[in-house]
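The values are calculated or read from the model by the stated rules, or taken from the named source; none is laboratory data. None of the values given here were measured: they were computed from a predicted structure. When we count neighbours, we look across all protein chains shown, and the Cβ atoms used for this are built from the backbone with ideal geometry, even at glycine.
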Amino acid sequence: MATKQSETTMYIQKQQRKREMQHYLVSFGLMIIFTLLAFGTVMIDGIPKHFTSFFIVTLAIVQVLFQLYYFMHLKDKDHGFPTLFIFSGALVAFITVLTFVSIVWIS
Amino acid sequence: MSSVKDNVTALPLHPEKSTLEGKNKFLGFWFFLGGETVLFGTLFATFVALRHQTSGGPAAEDIFGMPLTFLSTIILLTSSLTSVFAIMAMRDNSLGRMQLWFWITVILGLAFLGLEITEFTEYMHEDLGYTTSAFSSAFYTLVGFHGCHVLFGVVWISTLMIQSFKKGITTVTAPKYYVASLYWHFIDVVWVFIFTVVYLLGILGG
């Protein structure tokens, strides 16, 4: 009985690892695609500059979310505090950048 | 007799978080990464504010090249994946496979550093020194600081791998490997914003 139970657990673990591997590979593929899209958009002439800027920054944010949630396992359970820490940091960083972008006496 | 061998059967499913010390390292390291995010945020803010102040020196669109940036990006992105594989191997309790993937990560990190040094030397020859303009200072500080992080990561992971020959994968060493891989992913996270904000927006001239 005990061996059968451990066999089942082993099987479940193996399946979980298989699925995890698929997640990693799909995330990596998507990240490569986002990178190619960003470089491609910059190379194409005739697209309004502010549109390109907005588009590639959005791509960067999405790519980073994949990195955080899949490669750094933020999607897994017991990641409440890490999520809080990293997004608090990101919020402060965002406000700082926003301040310096809209600063009026440099440009 | 051999503590490494005993652990082959006894390693828990998530060895990096099976002890209180491991849990603390995990939480503490994420807290550190939050702080690092703020630090890089300030450097990005400085760069974005000063990126047009070239003071007669070369501007971003004069010097940045797409192919080199693209190559660096792919190298760092791939190294992120290889360190994920290393952690998978660690959870499978397969020391050799973990070492292999971490060594590949280190080699890719070194390749990235080599490219960055070549790039900076080239800029120096094009008269973009550290003190040439506000743009150049902000650029070298931001990208150079990221480069220092890559260097630190390379040294850290290499020394961990040397230690791993002796200590193997245990509930004591697993948190170290896990945290080092988190650091390496964070380096890639920062680079994603650098290649977008510094290089691509620079080439765009936006």
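Taking every residue in region A:9-38 that is farther than 21 Å from A:L68 by Cβ and pairing it with any residue that is loosely packed, with under 12 Cβ neighbours inside 10 Å and not small (G, A, S), at least 6 positions away or on another chain, the pairs with Cβ-Cβ distances below 8 Å are A:Q13/B:L13.
Of the candidates A:I95, A:I86, the single residue that is part of a helix (DSSP H, G or I), in contact with a Gly (Cβ under 9 Å, 6 or more places away or on another chain), more than 8 Å from chain B (Cβ to nearest Cβ) and not small (G, A, S) is A:I95. Pairing each residue of region A:86-107 that is closer than 20 Å to B:S55 by Cβ with any residue that is outside any loop (DSSP other than H, G, I, E, B), provided the two are 6+ apart or on different chains, yields C-beta distances under 7 Å for A:F100/B:A45; A:F100/B:T46; A:F100/B:V48; A:F100/B:A49; A:I103/B:A49; A:I106/B:A49; A:I106/B:L50. Considering the conditions (1) without any contact (Cβ under 8 Å) to a residue 12 or more places away in the chain; (2) assigned to a helix (DSSP H, G or I), B:H185 is excluded by exactly one of them, (1). When region A:61-83 is filtered for residues that are more than 7 Å from every other protein chain (Cβ to nearest Cβ), touching a helix residue (DSSP H, G or I) at 6+ places or on another chain (Cβ under 7 Å) and among the β-branched types (V, I, T), only A:V62 remains. Of the residues making up region B:116-134, those that are among the aliphatic types (A, V, I, L, M) and surrounded by fewer than 16 Cβ atoms within 10 Å (Cβ to Cβ) number 2.
Total residues in region A:82-107 satisfying the condition of being at pLDDT below 95 and of a type in the set (F, W, Y): the figure is 2.
Checking each residue in region A:24-54 for being part of a helix (DSSP H, G or I), more than 9 Å from chain B (Cβ to nearest Cβ) and either surrounded by 16 or more Cβ atoms within 10 Å (Cβ to Cβ) or among the small types (G, A, S) (or both) picks out A:G29, A:G40.
Does region B:46-59 contain any residue that is out of contact with any Gly (no Cβ under 9 Å at 6 or more places or on another chain) and basic (K, R)? No, every residue in region B:46-59 fails to be out of contact with any Gly (no Cβ under 9 Å at 6 or more places or on another chain) and basic (K, R).
Being of a type in the set (A, V, I, L, M, F, W, C), in contact (Cβ under 8 Å) with a residue 12 or more places away in the chain and in contact with a Lys or Arg (Cβ under 6 Å, 6 or more places away or on another chain) holds for only one residue in B:F112, B:F139, B:F135, and it is B:F135. Here B:I107 qualifies as away from every other protein chain (no Cβ under 12 Å) and at pLDDT 95 or above. On the given criteria, is B:F139 within 17 Å of the chain's Cα centre (by Cα) and either among the β-branched types (V, I, T) or at pLDDT 95 or above (or both)? No, not satisfied. Looking across region A:51-95, the residues that are within 21 Å of B:Y199 (Cβ to Cβ) and more than 15 Å from the chain's Cα centre (by Cα) come down to A:F51, A:T52, A:S53, A:F54, A:F55, A:A93, A:F94.
Kindly establish whether A:F100 is out of contact with any strand residue (DSSP E or B) (no Cβ under 9 Å at 6 or more places or on another chain), hydrophobic (A, V, I, L, M, F, W, C) and within 8 Å of chain B (Cβ to nearest Cβ). For A:F100, the condition - out of contact with any strand residue (DSSP E or B) (no Cβ under 9 Å at 6 or more places or on another chain), hydrophobic (A, V, I, L, M, F, W, C) and within 8 Å of chain B (Cβ to nearest Cβ) - is met.
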